Amino acid sequence: MKRPLSMIVRIAFVLAIAELVGAAEPVKESAPVKETTPAKSQSPAELAVRKAASDFDQAFNTGNADKVAGLWTADAEYIDEDGQRYLGRDVIKKEYAEFFAANPQAKISSVTDSVRVINESTAVEDGRAMIQPPPAGAPGSSRYTAIYVLNEGKWMLSSVHDMKVASPSNYHKLDDFEWLIGTWQAGEGDTRIETTCRWMKNKSFVERTYQVTTAGLPSASGTQIIGWDPETKQLTSWNFSSDSGYAKDTWKPIANGWWSQSSGVLGDGTKTTAVKVFQKLDDDTLSLKSTDRTLGGVRLPDLKEVIFKRSVKKAGA
């Protein structure tokens, strides 16, 4: 008995998604932990400065620019990792407000490496800091030097200079994927797909997970890891699907996107091949096509273009 055309289209769409987009928890980058137990030899001034440094982390992690700004002197100076200089509490507050608006989930963890008390009203802190999830751009942590002054009994930030410490990474091979970070959705009829792209440790790999639902019920899922293969010197992805199948793709850049050649095996052992094209239509729209498809050596028709819309913004977007 022949299946209705609508049923064929729906099944083809589900298979296409499983093939195109093909969930583990992402590997999270280790963050330094704030030291809370000072050595016995520390002076009251050093203890107070370490407490002020801890207060900064707590204020930052609320995402409240007013709380952060309240820890700086009125004429404070901040120099960021790029050498940009910000003068005055109000200017610094504006910078933090913009950062928190663009990175609402950002949390900071820092370690105080040393505190030098210069005199009764001045101290210098050297430390390291890391923000999670990492903002857009190459991965790394920061080293900083902070000058505190005692102002009406409270140690306040007078000058801070951040210096970036690069992490070993193949990010420069993958930076074109930065715009993909986030969650995307597509659908046709009663079939829906949601796919989420996230950076793995040191931004050397992108993890992409997906789930397909049909009539509200899960019908397929999988995980794809995209990274630079140091053996073949090619951008490569490894795909693992819920039916126990897997595939390997090699990638090449094209105008506004990427082209990939896929070769894989379904859960029942049937071999598959396909050519896929990912193209950025705008910052929040992704086009996905699959051509030159085979299943068990039999040529299959090209698939209809699938359009994904961004549903969750990436950090820093």
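Taking every residue in the stretch 60-77 that is within 16 Å of VAL49 (Cα to Cα) and pairing it with any residue that is of a type in the set (Phe, Trp, Tyr), at least 6 positions away or on another chain, the pairs with Cβ-Cβ distances below 6 Å are VAL68/PHE60; VAL68/TYR96; LEU71/PHE56. Applying the set (1) farther than 22 Å from LYS173 by Cα; (2) assigned to a strand (DSSP E or B); (3) not basic (Lys, Arg) to PHE278 leaves exactly one unmet item: (1).
Can we say LYS309 is under 30 Å from the mean Cα position of the chain (by Cα) and under 21 Å from GLY245 (Cα atoms)? No, not satisfied.
For the stretch 170-184, which positions are on the phi < 0 side of the Ramachandran plot and touching a Lys or Arg at 6+ places or on another chain (Cβ under 6 Å)?
Going through the stretch 170-184, the residues on the phi < 0 side of the Ramachandran plot turn out to be 170-181, 183-184.
Within the stretch 170-184, TYR171, ILE181, TRP184 qualify.
Give the residues of the stretch 133-173 that are at pLDDT below 85 and either aromatic (Phe, Trp, Tyr) or more than 20 Å from GLU95 (Cβ to Cβ) (or both), sorted by residue number. The answer is ALA138, PRO139, VAL165, ALA166, SER167, PRO168, SER169, ASN170, TYR171, HIS172, LYS173. Scanning the stretch 219-240 for residues that are assigned to a strand (DSSP E or B) and more than 18 Å from the chain's Cα centre (by Cα) yields SER219, ALA220, SER221, GLY222, ASP229, GLN234, LEU235, THR236, TRP238, ASN239, PHE240.
From the list ASP243, ASP284, the lone residue that is assigned by TED's automatic domain parsing to the domain that holds ARG198 and within 19 Å of THR196 (Cβ to Cβ) is ASP284.
In the set ASP176, ASP162, ASP190, only one residue is under 24 Å from GLN279 (Cα atoms) and surrounded by fewer than 19 Cβ atoms within 10 Å (Cβ to Cβ); that residue is ASP176.
The values are calculated or read from the model by the stated rules, or taken from the named source; none is laboratory data. Being a predicted model, the structure only gives us computed values, none of them experimental. Neighbour counts are summed over all protein chains in view; Cβ atoms, including those assigned to glycine, are modelled from backbone coordinates with ideal geometry.
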